[in-house]
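Below is one structure, written out as structure tokens; comments come after it.
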Amino acid sequence: MMDQTYFLSLLVFSPLLGIIALAFVPKEQEQMIKLIGFLATLPSLFFALLAFVQYLSGYDINSLAEKRNWIHFGKFAFLNKNTFTVDYELGIDGFALVMIVLTTILATLAAVASIHIKKEWKGYFMLFLLLEIGMLGVFAAENLVLFFIFFEITLIPMFFLIGKWGYFEKEKAAYSYLIYNGIGSAILLLVILILFARTGTSNVALLKEIFNDPAAQAQMMAPISEDLRYGLLIALLVAFGVKLPIVPLHSWMLRVHVQAPPSIVMLHSGVLLKIGAFGLIRFGLGLFPEEFRDLATFIAILGVINLLYGAFLAFIQNDFKMVLAYSSISHMGIVLIGLGALNEAGIQGAIFQVVSHGLISALLFFLVGVLYERVNTTMIDKLGGLAKAMPLTAGFLLAGAMASLGLPGMSGFVSEFTAFLGLFAAKPLIAAIGALGIIMTAVYLLRAVLTVTYGNANRDYAGVMDIRLVEAIPVLLLVALIVLIGVYPNILAEPLQATLEMIMNGLGG
Amino acid sequence: MDLKTLLQYEWGIMTPEFTILGVATILSLIDLFMPDEKDRRLLGWFAFAGVIVALISLVGLLPVEVTSILEDTFRLDSFAKAFKFILLAGAACVILLSMDYQPAEGMPYRGEFYYLFLAALLGAMMMTSSGDLITMFVGLELLSISSYILVGLRKKYVPSNESAMKYVINGGISTAITLFGMSYIFGLTGTTNLKAIAGQLSTVIDMGQQYLLALALLMLFVGLSFKLASAPFHMWAPDVYQGAPTPVTAFLSVVSKTAGFVIVLRLMIYIFAGTPAEGTNSASMLLSMQDYIAFLAGATMIIGNTIALRQRNVKRMFAYSSIAHAGYLLVGFVTMSMFIIDSIWFYLVAYLLMNLGAFAILQVIADKSGSEDISQFAGLYRRSPLVAVAMGIFILSLAGIPGTAGFIGKVNIFLGAFVTEPAHYVLAAVMIATTVISYVYYFGILTQMFFRPAAEQTPVKLPLGVMMVVIFCAIGTIVFGVVPSIVYDFLNQFEHFGDFFS
């Protein structure tokens, strides 16, 4: 392996090369720009896969950690010299690595899906790559301030990508995205800075230590009371709840799903929503395990509400994109259910669901992009009978739906099964109600997909081409990954083992 | 005082002030005798050079220990040094902007720009170094009176006249209130020297006259809030900002505001931070009045950010935005944490960079189209991508997005709010909530620049002076946002202004 102290920085910032290269390309050169945009996602993908393979073969991932001095707010003589410093520190564990691999894969595939972008390719790909840097940084950041900075770096490119390259109500969607997520990040920033100001550090590992050690707590700048801890955890729940989204906070996400270009929705639904789950597990569960335990029932109930609300509303949608948007809400409910169970199976199921849904929703939105490109609509009643005109696309769509509804042998089954296994063990009653959602999932997905593929042909499909080779490759790849996780879940379970053990230790066994 | 003692003073510590004074005097004479038809732009470069020389001499003064001359009326401590950097840098940028200012009806009185800016700057610098109520007030008046004229410099443009009138009247009232507050302090202590006042105050408290003192504090703060453009004296800002020539608006929003914070910090901390409110062991006067000032800070942020939402005139929008930023800065002041001066200084630097940069671009666009409506920004990205990107950087920094200096400034202010016990959760919550509200109008400009089609296709060309300001500010905004340790290392040499009271 190459010089390790720069490995993660290279992984996170290599899309920057693409941005710089793009700056020198004339903006009319469509093919060239698309090619550079695609190529620029490859180094990160390569590094991420390299790390993943090495990790599976027993390499110690902690040695990849980097740390450089960065900001020192006020050097006071009476304080420890590390107080109020924010270092540039990157580091990953198994969970973060899995998320990074997911991000890099989806970014590369979304770059392929971006062939359908019709205008201003240069600006599009520059923002796209910036977005990728933000997403990768979020998972690699070792301290809260750095996490927040990367978190916000995803906000700005998304605003422009939705507002400029989206569909009819794009500006409204962009604003709705900006305001909801702005509020979410604002709350997150308050939490982070309260922790930073009161303890003098924002390093996640150090914070954990301080919270577990009464002697260290006595040395803090100012005390963090029991009430404040609950307050902070609830604030985190709201902040990441906007991102995830948890039900009353979800309306922005529907708009984005419908209005943003499909290639961006792949990343949005596949990765950005998952940052909410990642943050909840990393910081909510990691920093406040005791308090999280007290809120577990509440979180499980929120999860069931998400699951059922999403499922029932997905059933009555006429726009296929809306079906998928509500389906995302519903599936994120399963993440909450797993977290609410608060046992090993539950948390494992939650993380599995994060990865699995990332792949599945990327697949489905890739297909939406393919579909829209050819027939210019995603309304279910205007589609129908697609299987005759585009047999392959229809087949893939069906495969995606099957994975999404949890057909055994595909990733959706593994994650939903484990999450519910956890919840049935911990809170059987809530789990029993939640299980209804699983049935509803099958109902709404089959209704939507079967109408689209085998329903009455409501239009003339003459001259509509089936999926092209360049489009089929990403689809096949995604399906293969979904099946791989479905048949061999250990490919995920192994790298996650260490993280899970740490979380369970934090919870006290 | 005879000539001998006068000559014994270390006049060297006033080099920056003398430079500015000299250049301003020479410029006013040249302008007087110069033929009317001659182009006065050259005078602008001369004024700019004068400010740069003053900056260099200030760098030379950095290693100088705390010195005070003229019976403690002029002192050079780290506080004075640090804030003079902001004032001088701000004035240098504003002079560059004023050289390229081209209003529709022409600008026959360009010469006045330069020496009036310098006179105002001199007033601000005197306030920074002042250790006496009298010199402080004289500095304040020098700044104010020069600004009144500057605001009305577009003689044939009605809104400019109107705003000058409003500025004079409001300014007069606020000055009266400030002076009234000062008179209480003089009445209670019998001296105008800040150090002597601080020494006398404990006897005032022992005599049970703390309520008079509290009244004086509130009166001073309210009077000075005029310069900060914060509640309750913020109402002048929108009208004056809109009517004044754009470089003057930029000056008011940056240099004048900085001067306002300088005098607030000087007076409040010097006089009231050490004085107990009740008995000997009670909390200080300033701490006991904290809630009132916090209320004003909260009101300022809410007023500025919510009213800005409805503005279509960009200059007016920036007026409300500048009110909002005064509110953020007041949060840094009111929390009275250990970060108090550091965080205000950093935020003022960040604010200087992002606000002056934005005003530079606004000036060019408004001059070119003759309108300050937000629609003039439509399609700027198509017309001149680089200008649009620079403007985007300034806007993002004003909104406090990470990667820019504005973000680090806000983080530092928040740190101050949370590090104290009890922490200022309500105030911080107001600040973050209004920041999110501000996204709406800041991103409104971004929407115009990047999403909307342009009315005309001609590219926007920046004149040399404006270009210099934009490049300087854009680089500063990004660099201080990504590597803020540059600023903090610079700030560390002042050791948190520990020599403030010495």
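Just a few scattered comments:
- Ranked A:V138, B:V470, B:V138, B:V430, criterion: other C-beta atoms within 10 Å, fewest first: B:V138, B:V430, B:V470, A:V138
- Within straight-line reach of A:K118, meaning a Cα separation under 25 Å, sit the following lysines at least 8 residues removed in sequence or on another chain: A:K27, A:K34, A:K164, A:K170, A:K172, A:K321, A:K382.
- Charge dipole magnitude, Cβ of K and R +1, D and E -1 - the protein assembly as shown, Cα centre, debye nearest 20: 2440
- For the set B:K38/B:K257; B:K227/B:K461; B:K227/B:K315, the pairs lying more than 24 angstrom apart at their alpha carbons are B:K38/B:K257; B:K227/B:K461.
- Long-range HN-HN contacts of B:D132 with modeled amide H, under 5 Å: B:L194
- As a proxy for reagent exposure, ranking B:E65, B:E112 by other Cβ atoms within 10 Å from fewest up yields B:E65, B:E112.
- In order along segment B:466-481, phi translates into HN-Hα couplings of 4, 4, 4, 4, 4, 5, 4, 5, 5, 4, x, 4, 6, 4, 5, x Hz, rounded to whole numbers, per the Karplus curve 6.51 cos²θ - 1.76 cosθ + 1.60 with θ = phi - 60° and x for Gly and Pro.
- Most positive-pole-ward Cα, B:V389, B:S78, B:V411, against dipole of chain B from beta carbon charges: B:V389
- Eligible aspartates and glutamates near A:K119 by straight Cα distance, threshold 16 Å, same-chain separation 8 or greater: A:E28, A:E30, A:E373
- By average C-beta atoms within 10 angstrom, highest first, the peptides A:338-349, B:141-152: A:338-349, B:141-152
- Packing here is the average count of other Cβ atoms within 10 Å per residue, and on that basis the peptides A:439-445, B:399-405, B:418-424, highest first, run B:399-405, A:439-445, B:418-424.
- Efficiency of FRET between B:L212 and B:N492 - r from beta-carbon atoms, R0 60 angstrom, step 0.05: 0.90
- In terms of its C-alpha gyration tensor, segment B:11-284 comes out oblate, because a/c is 1.5 or above while a/b does not outweigh b/c.
- Computed over segment B:289-502: relative contact order in percent, which uses C-alpha pairs under 8 Å that are six or more apart: 29
- Inter-chain neighbour count for A:177-188: the average number of beta-carbon atoms from partner chains within 10 Å of each residue's beta-carbon is 4.
- Packing-based exposure ordering (other Cβ within 10 Å, fewest first) of A:Y454, A:Y175, B:Y114, B:Y442: A:Y454, A:Y175, B:Y442, B:Y114
- Test item: B:426-438 mean partner chain Cβ contacts at 10 Å: 3
- Backbone HN-Hα couplings from phi across segment B:28-36 [Karplus 6.51/-1.76/1.60, Hz, Gly and Pro as x]: 5, 5, 4, 4, 5, 8, 6, x, 4
- The protein assembly as shown: C-alpha gyration tensor shape, a/c 1.5 cut-off, then a/b vs b/c: prolate
- Furthest towards positive pole of dipole, A:M126, A:N505, B:Y241, structure part the protein assembly as shown, Cβ charges: A:M126
- Test item: Cα-centred dipole of segment B:289-502, Lys/Arg +1 and Asp/Glu -1 on Cβ, debye: 980
- FRET efficiency, A:E290 to A:K27 (Cβ-Cβ, R0 56 Å, nearest 0.05): 0.55
Each value in this text was obtained by applying a stated rule to the coordinates, not by laboratory testing. Please read these numbers as outputs of a predicted model, since none were measured by experiment. Cβ atoms come from the backbone with ideal geometry, glycine included; neighbour counts cover every protein chain shown.
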